[in-house]
Each structure stands twice: as structure tokens, then as C-alpha cells.
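> Here it is, the structure in full.
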Amino acid sequence: MTAARNIVCPHCARTNRVPADRPARAARCGACHHLLFEGRPAKANAAGFAKHRRNNDIPVLVDVWAPWCDPCRAMAPMFEQAAAELEPDVRLLKVNSEEEPGVASELGARGIPALFLLHKGKVVAQTAGAMETSRIVAWTRAQIAKAAGLP
Ligand code: ZN
């Protein structure tokens, strides 16, 4: 039996079933035909975030930020670079806390920038403050390894 994973499209938020034996980077959305992984974070509004949280079989790393926050803007290119390294094992999302304050409070964001790692819909790790690419990648991989031991 070939395993398959549910991957939520970063463009239209439709859930796609991606066979594990095919390269995920080449997979396209069955609904909108965009690539499912483009090496960059996806912007999510509240509805999109809910679908990514609920339907993804891969971990989801969320950057909660705001346009007025200088450290958030400084971290943006680092987070973008981290997406290129972490995909297709992780979905990276950006949530603008000014436009989507409900998502920020659902996650319990107090200071920004804040990163939240979701695994099977639950927040399994979080950290606040700007980080550079290598730290984002290392932190995420370490937290995923830890979460893999959870039921
Ligand atoms: Zn799509």
C-alpha cells in the first residue's frame, strides 16, 4: 500500500491527496493547478488558516506578524528562505495579526513576531522574537522530532 498525505493548497486552500512515492515539489493542486510547494510562505486569512490547521498531514509553521512591526519585517526574508529549506516537509504560513486578530488570539500570540508550530491541528511549540533562517529551520526540525514522539 502506498501512503499518501493530505496537503492543503497554498493558493485555494483545497485539500489535495499527494502520494508519498511522487515528488511533492512537482505536485499540482487538483482545483487551481498551481504547484502545492513553491518554496515560499503562503499568506493565510482566517478561513485559509483554519483549513491549513485542520486538513494538512504535514506540520504547519505559522509566522504571526504585523506591518508596523520592524522585527517582523526584518524576519520576513529569513522566513521566506526557511520555506525553501523546509518544504515539502512543512507548510509555512504568514498571518497578518492586524488583518486577522482572531487567528493571533486563537494561537495565543502575545508578542510578535511569533512562530507557532502546529502538528495534527495542535500547537506543539511556539517561540517569539525574530530569528534568522538557520535558527528557524533548526528550531522547526527539533520541534517536529519532539512532536513525532507525541501520541
Ligand atoms: Zn489550489
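> Looking at (1) over 17 Å from the mean Cα position of the chain (by Cα); (2) not in a strand (DSSP E or B), can you tell me which one residue 50 breaks?
(1)
> List pairs: first residue in segment 107-133 and closer than 13 Å to residue 82 by Cβ, second residue among the hydroxyl-bearing types (Ser, Thr, Tyr) anywhere in the structure, Cβ distance under 9 angstrom, at least six positions apart or on different chains.
So the pair list comes out as 115/127; 115/140; 117/127; 117/140.
> Any residue at all in segment 98-118 that is touching a helix residue (DSSP H, G or I) at 6+ places or on another chain (Cβ under 9 Å), at positive phi and modelled with pLDDT of 95 or more?
no
> Another question about this same structure. Looking at segment 87-103, I want the residues that are without any contact (Cβ under 8 Å) to a residue 40 or more places away in the chain and have a partner that is surrounded by fewer than 19 Cβ atoms within 10 Å (Cβ to Cβ) with Cβ atoms under 8 Å, at least 6 apart or on another chain. Which pairs are those?
97/66; 98/66; 98/67; 98/68
> Moving on to the next point. How many of the residues in segment 8-44 are crowded, with 17+ Cβ neighbours inside 10 Å, more than 10 Å from the ligand (Cβ to nearest atom) and in a strand (DSSP E or B)?
2
> Please work out if residue 61 is touching a strand residue (DSSP E or B) at 6+ places or on another chain (Cβ under 6 Å), at pLDDT 95 or above, within 16 Å of residue 138 (Cα to Cα) and among the aliphatic types (A, V, I, L, M).
yes
> Please go through segment 45-78 and give me each residue that is within 25 Å of residue 19 (Cα to Cα) and hydrophobic (A, V, I, L, M, F, W, C), ordered by number.
Answer for segment 45-78, where residues must be within 25 Å of residue 19 (Cα to Cα) and hydrophobic (A, V, I, L, M, F, W, C): 49, 50, 58, 60, 61, 62.
The values are calculated or read from the model by the stated rules, or taken from the named source; none is laboratory data. Note that the coordinates shown come from a computational prediction; the quantities given were computed from them, not determined experimentally. Positions of Cβ are generated from backbone atoms using ideal geometry, with glycine treated the same way; all protein chains shown enter the neighbour counts.
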